[in-house]
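Written out below as structure tokens is the structure these notes cover.
Derivation of every value follows stated rules applied to the coordinates shown; laboratory data play no part. These figures come from a predicted structure and were not determined experimentally. Cβ atoms come from the backbone with ideal geometry, glycine included; neighbour counts cover every protein chain shown.
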Amino acid sequence: AVAAGSADGESPYWKAWHDFEVSHGNEDTFREMLRLKRTVRASFADRAIVLPGNEAGGTKRPREEEAGADSMARLEAEATDAAGGGFVSGGAVGGWEGGAAASGDFVPSSAFSGARPGYVFKRGDKGVGYYADGPAAGGAAGGGAGGAKPASSESESEEEEEESPEFLKSSVWRGHRPGYVFKRGVLSGGEAALGYFKDVPLLEKHEAEEAERMQLSAAQLSNWLLEALPEAPSVDKADRCFRLFDLKSLRVGSLEQSSSPPLFGSLAEWFDAQRALYATKVPSEAVQVLLRVFLEPQQALRLGLHHASFSIDWMSVSEEAAAEPISGALLRRLGMASRRPRRMLLVVMYKAERSRITQVWAEMDREGLALKKGAQLDDVLVSDCFDRALNAARRAGATGELNPIFTNYHSVPVIG
């Protein structure tokens, strides 16, 4: 403040002070800088100073070398009287006023004495001091510095802070925020923004980016579902399994006829049945894939379309997996819901798009192909079940050449 007395309104000193307040100040110090600048500018432009010993005589326009400490002291006194305090001559900074009564939302102080957690320094309806920083505190200020924030120019404009879990908008650094980092970054929509971004550890960010680029096939998703069944029931288990399905577009139907009704009356019915399955611990041998044919439309790959694949699984479901929903739905359709056999043979086909299961078809394996330990691809290709599965895949958008990849899990060696 003392240095300001020797700097007229056009001095580079004011620009340096202005830039400092924009980067590090608060609303009150910024407004005080503007007020003092206007006062000094008016003093240099309009005022005449009466020199000692010449009270009755002439006056003299101030010059930088003549303004001195006496001129600045008078200006500071005027500024202090007008604003009720705020800057102290000679650079001294006052603390909390001794003996001042402090209520929960206001602490009197004639000068800014540093940041106080939970308080903002300003002139309000109770005078100059520290006010509790909350929604009510901003409205209590009687037209003073309460609403304005420092801007990049002297014409101040209010800045609305938009908050979201991922981003907090702010044009200047406002102190440390736990869990956030202040920077200029890019929002999820591709828009550049300045403010506080959620601080995501580099490893988590890298894993999320890798998962986004990963294209999971129908066979991989089917395997993950089976691998989760032997786990103990938990919310995490159910969440991981349900995330493998695209619940917005999921359809569960039958392979036998394209016009046949779905296996479940609604998505909620299927969801409840799946939730009951994930709430139990199913032995790994209770639900097994014995044969598999993997289909991947080659035309879609050549044209660069979204990744779509099909997995046709010949499965065995024992009575230990009585909560398995697809076998239960097929038994209800046959009127055998109360007479579950010790072992059921099913054919289940999954369609996967964008790393999610979007459609499921199923029927009973009436040909008993799943029990044929020496089955080859030719045995599958001539079966009626494969024809129905291929037709369903074509209706679901599988166009162009399909190169079936066959796996017989009867002959796959088990390690361990």
*Within the set Lys198/Lys281; Lys15/Lys122; Lys183/Lys248, which residue pairs have Cα atoms separated by over 31 Å?*
Lys198/Lys281; Lys183/Lys248
*Can you work out the FRET efficiency for the pair Arg35 and Ala115, with r the C-beta to C-beta distance and R0 = 22 Å, to the nearest 0.05?*
0.60
*Excluding Leu250 itself, what net charge comes from residues whose Cβ is under 15 Å from its Cβ, given Lys and Arg +1 and Asp and Glu -1?*
+3
*Based on the Cβ-Cβ distance of Val382 and Ser260, what FRET efficiency does E = 1/(1 + (r/R0)^6) give at R0 = 22 Å, to the nearest 0.05?*
0.40
*asked:* From the phi angles alone, apply the Karplus equation (6.51, -1.76, 1.60; θ = phi - 60°) to region 20-27 and give each ³J(HN,Hα) in whole Hz, x where the residue is Gly or Pro.
replied: 4, 5, 4, 7, 10, x, 10, 4
*Distant alpha-carbon pairs in region 232-280 (separation over 14 angstrom), percent*: 57
